[in-house]
């Protein structure tokens, strides 16, 4: 089959470039906001606003990406964000991530549970662990968190990691002191002498 006999030769079946059109006042407002962002040092916001105004001027996302030295996918995302949510979508803000599932009252209740200690909740250990707290959250509030996420939550609430110190129940404190002060150092000295030879 010859190329010139193909029905689609010479026709454009590709995607159309997204070109945003808005009022002159909106255009001027975006340029003013870009200048303000640059003056405040918010260069990423200024770059996003610049991308929107360049698109209004007729440049495609690929051309804007080359001009601003930004990934084309990001430029397309900025244009889409502006188109659907307005210029506020281009501003820097708190990146919320996934919202907390525990309400404020549930968090306070959980902190009370943690303060009461694990033995009051039927655990044998005297120290909370992240899997134990995750189990309490699941049983009390019906929310499943991984142990890793529970550690992050606890750290954010001001709790720190506590490591239990092992202590022998029937140990003689005098013998332990003697071993620590005399026996152990002499063993270390013998080993050092042996290594030197």
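Looking for whichever is free of Cβ contacts under 8 Å to residues at least 12 places away in the same chain, under 19 Å from residue 103 (Cα atoms) and either more than 23 Å from the chain's Cα centre (by Cα) or surrounded by 15 or more Cβ atoms within 10 Å (Cβ to Cβ) (or both) here; the options are 165, 135. Which one fits?
Selected residue: 135, the only one of 165, 135 that is free of Cβ contacts under 8 Å to residues at least 12 places away in the same chain, under 19 Å from residue 103 (Cα atoms) and either more than 23 Å from the chain's Cα centre (by Cα) or surrounded by 15 or more Cβ atoms within 10 Å (Cβ to Cβ) (or both).
Please pick out the residue among 100, 115, 144 that is touching a helix residue (DSSP H, G or I) at 6+ places or on another chain (Cβ under 7 Å), closer than 30 Å to residue 162 by Cβ and modelled with pLDDT under 90.
One residue alone meets the criteria, 144.
Need the failing condition index for residue 30 against (1) part of a helix (DSSP H, G or I); (2) at pLDDT below 85, just the number.
In the conditions (1) part of a helix (DSSP H, G or I); (2) at pLDDT below 85, residue 30 misses (2) alone.
Pairs under 8 Å by beta carbon, first residue over 15 Å from residue 56 (Cα atoms) in the stretch 66-83, partner surrounded by fewer than 16 Cβ atoms within 10 Å (Cβ to Cβ), six or more apart or different chains?
Between residues of the stretch 66-83 that are over 15 Å from residue 56 (Cα atoms) and residues that are surrounded by fewer than 16 Cβ atoms within 10 Å (Cβ to Cβ), the close pairs are 72/62.
The values are calculated or read from the model by the stated rules, or taken from the named source; none is laboratory data. Keep in mind that what you see is a predicted model, and the values were worked out from it rather than measured. In this analysis, Cβ positions are derived from the backbone assuming ideal geometry, glycine residues included, and neighbour counts consider all displayed protein chains.
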